[in-house]
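What follows is a set of notes on a single structure, which appears directly below.
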Amino acid sequence: MRGYGRRDQACGGSGLHRFVRLTIMQTLFLRDWVLMGFTLVLIAWPIIEAFLHAWAGLGNLLSLMIQYVEMILPLWALVASGLIWKDADYLHRPLLLSSSQNIAFVLACKLAAVLIPFLGLVLLAEWELPRLYRWAIEICWGTTATWPFAPGLLSSRAMSVAIVFAALGTAGGISGFAWVGVTAGAVVWLLNVIRGVPWLKAESGGAFDLFALSRGGQYVPAATLSSFIAGAVIVAVTVIIASSTQPGNHLLSDAIGSLGRLYRFIRRQLPLLRNPGLVWTILGIFSIPLVLLILYETGRLPERLLIRGFCAFHEQWLPLVALMAGGTVWMDKEGLHASILASWPIRPVLIAATKWVIAFTPVAFLTCASSTISAALLGRLAAEELLPPVACLVSRSLAGGSVLLGLATVGAAAYGSWPGLLLGAGIWILNAVAPGMFADTLGGALDLFAWSRTGYLVFPGVKTRLAFAVGVSLQLIAAAIFKIASK
């Protein structure tokens, strides 16, 4: 790896030139007889299926081809991600960590070396499968067959699954144990194949529902987006951990030093939460349920409207606390404090992640506490069948809060706290003034008040998961923007 950096510096190439050169060099690890044999098997697999169906009537050809794209083809990315990190074992690891290239740059090159050839296999399958299907069906039945899938649907499903597998393999490979990442991917693959473990889909919010199309999944685009985001999050966390250990091979001491710096940074950031604007925002928002209770006790508010008011309080008003917290934690990026923040000995990505934790933790605590108290109060005042579940109150509040916090962070990382606050407030106002504007945008991920506008027990679970996914994506975008702006 050190040699890669010296050759690139001698050539004086640009960043793109170095990226292409290093990516091509990584493909040397893919010249393995196991991977080559597996590639030939994958190319021949649909041809054999079509021949067996045409001449022997074996199985449902359409179902077999869908399973091939979702279940079999992405295994190539898992195997390749294990092979491409051969230079990260403990004999070669000091050379990798001491490379003149940034570890994130090396990781991007290795991912490109895995995913670009896999994209070629996917495009080959996209072109090959419809033709094989029509040929086999016409021979078997003597009728003109039509391919039922829109262009790109199967390709996007295969790429989303492959990105998850490549991310797991990368996480294991960069730590020096490539077999751990491959094993983790194989376990996830096996759990998805076994139909008797629906908890994996439920616990991960659909992010690891890798075979949704093969099982007749109803929300295939949502599952595809969730899998893409899950892979991106795994890669982002891997980059952060690997970057903190790059200066040397003393992993334990580096980790302890990084934790100490993070602790000192968090301790210095906490006073930002004492901002009067944030305090008055919290007091004003939490006065809403008190007003609702007073109106109910005086007989001016019926029972059903009381419950709907509490639902609207948790879904519409509590997320504003996250928006305000996201703006206050970035106030040290402005004015006289900007030079202090720029000189802090922590990487910009870690600064952005730390600020998100500082802002989101108190918001999550207030949300959980208020939801528990609201459920207890409503349990005493209203009939049990009319009560919303506590989990729904918490998740809907945090879903909207994560989106608004992400918007505030993006604006603050680029310019300052006020643009971020205005960006989040604009989305909130548009949701309040034009209820149907974001109903279909991003699959409903920006439809923040979907629960309050309908029956309160009709819980939009898919929109909640998509809102969380968008919130995480915005945090990653903000971290990248802040890193670029800090250079």
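Residue count for the range 195-231 satisfying the condition of being modelled with pLDDT of 75 or more, crowded, with 17+ Cβ neighbours inside 10 Å and of a type outside the set (Val, Ile, Thr): 16. Does residue 410 satisfy being part of a helix (DSSP H, G or I) and surrounded by 22 or more Cβ atoms within 10 Å (Cβ to Cβ)? Spelling it out, residue 410 is indeed part of a helix (DSSP H, G or I) and surrounded by 22 or more Cβ atoms within 10 Å (Cβ to Cβ).
The set of residues in the range 433-465 being in a loop (DSSP other than H, G, I, E, B) and more than 15 Å from residue 393 (Cα to Cα) consists of 434, 435, 436, 437, 438, 439, 440, 445, 446, 447.
Summed over the range 385-405, residues that are polar (S, T, N, Q), open to solvent by less than 20 Å² (accessible area, probe 1.4 Å) and over 16 Å from the mean Cα position of the chain (by Cα) total 1. Is there a residue in the range 235-248 that is open to solvent by 40 Å² or more (accessible area, probe 1.4 Å), at pLDDT 85 or above, assigned to a helix (DSSP H, G or I) and of a type in the set (A, V, I, L, M)? No, because not a single residue in the range 235-248 is open to solvent by 40 Å² or more (accessible area, probe 1.4 Å), at pLDDT 85 or above, assigned to a helix (DSSP H, G or I) and of a type in the set (A, V, I, L, M). For the range 159-181, the set of residues classified as surrounded by fewer than 24 Cβ atoms within 10 Å (Cβ to Cβ), farther than 15 Å from residue 241 by Cα and in contact with an Asp or Glu (Cβ under 8 Å, 6 or more places away or on another chain) consists of 178 only. Within the range 182-194, the set of residues being at pLDDT below 85 and surrounded by 19 or more Cβ atoms within 10 Å (Cβ to Cβ) comprises just one member, 192.
The residue that is modelled with the highest pLDDT, among those in the range 327-361 that are under 14 Å from residue 478 (Cβ atoms) and among the charged types (D, E, K, R), is 355.
Of the residues making up the range 450-466, at least one is over 27 Å from residue 227 (Cβ atoms) and open to solvent by less than 30 Å² (accessible area, probe 1.4 Å). Listed by position, the helices (runs of 4 or more DSSP H) enclosed by the range 33-83 that each have at least 1 residues that are open to solvent by 40 Å² or more (accessible area, probe 1.4 Å) and β-branched (Val, Ile, Thr) are 33-56, 75-83. Taking the range 433-468 as the range and being of a type in the set (Gly, Ala, Ser), closer than 30 Å to residue 351 by Cα and out of contact with any Gly (no Cβ under 8 Å at 6 or more places or on another chain) as the test, only 445 passes. When residue 400 is tested against (1) modelled with pLDDT of 90 or more; (2) under 18 Å from residue 481 (Cβ atoms); (3) not aliphatic (A, V, I, L, M), only condition (2) is not met.
Of all the residues in the range 70-90, those that are more than 14 Å from residue 32 (Cα to Cα) and at pLDDT below 90 number 6.
State all residues of the range 413-432 that are of a type in the set (Gly, Ala, Ser), within 25 Å of residue 349 (Cβ to Cβ) and part of a helix (DSSP H, G or I); if no residue qualifies, say none.
413, 414, 417, 420, 424, listed by residue number.
Cβ separations smaller than 7 Å between residues 6+ apart or across chains give the following pairs from the range 280-309 residues that are touching a residue at least 24 places away in the same chain (Cβ under 8 Å) to residues that are surrounded by 11 or more Cβ atoms within 10 Å (Cβ to Cβ) and of a type in the set (Phe, Trp, Tyr): 285/317; 288/313; 288/317; 289/310; 289/313; 306/296; 307/456; 308/456. When 473, 417, 486 are checked against the criterion of being open to solvent by less than 40 Å² (accessible area, probe 1.4 Å), more than 19 Å from residue 224 (Cβ to Cβ) and among the hydroxyl-bearing types (Ser, Thr, Tyr), 417 stands alone in meeting it.
The rows are residues; the columns are (1) within 28 Å of residue 427 (Cα to Cα); (2) modelled with pLDDT under 90; (3) in contact with an Asp or Glu (Cβ under 6 Å, 6 or more places away or on another chain); (4) open to solvent by 50 Å² or more (accessible area, probe 1.4 Å).
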site: 270; (1), (2), (3), (4): yes, yes, no, yes
site: 274; (1), (2), (3), (4): yes, yes, no, yes
site: 280; (1), (2), (3), (4): yes, no, no, yes
site: 288; (1), (2), (3), (4): yes, no, no, no
site: 298; (1), (2), (3), (4): no, yes, no, yes
site: 302; (1), (2), (3), (4): no, yes, no, yes
site: 310; (1), (2), (3), (4): yes, yes, no, no
site: 321; (1), (2), (3), (4): yes, no, no, no
site: 325; (1), (2), (3), (4): yes, no, no, no
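The values are calculated or read from the model by the stated rules, or taken from the named source; none is laboratory data. All values derive from a computational prediction rather than experimental measurement. So basically every Cβ, Gly included, is an ideal-geometry build from the backbone, and we count neighbours across all protein chains shown. Calculation scope for accessible area: heavy atoms of the full protein, side chains included, ligands and nucleic acids excluded. Shrake-Rupley method; radii C 1.70, N 1.55, O 1.52, S 1.80 Å.
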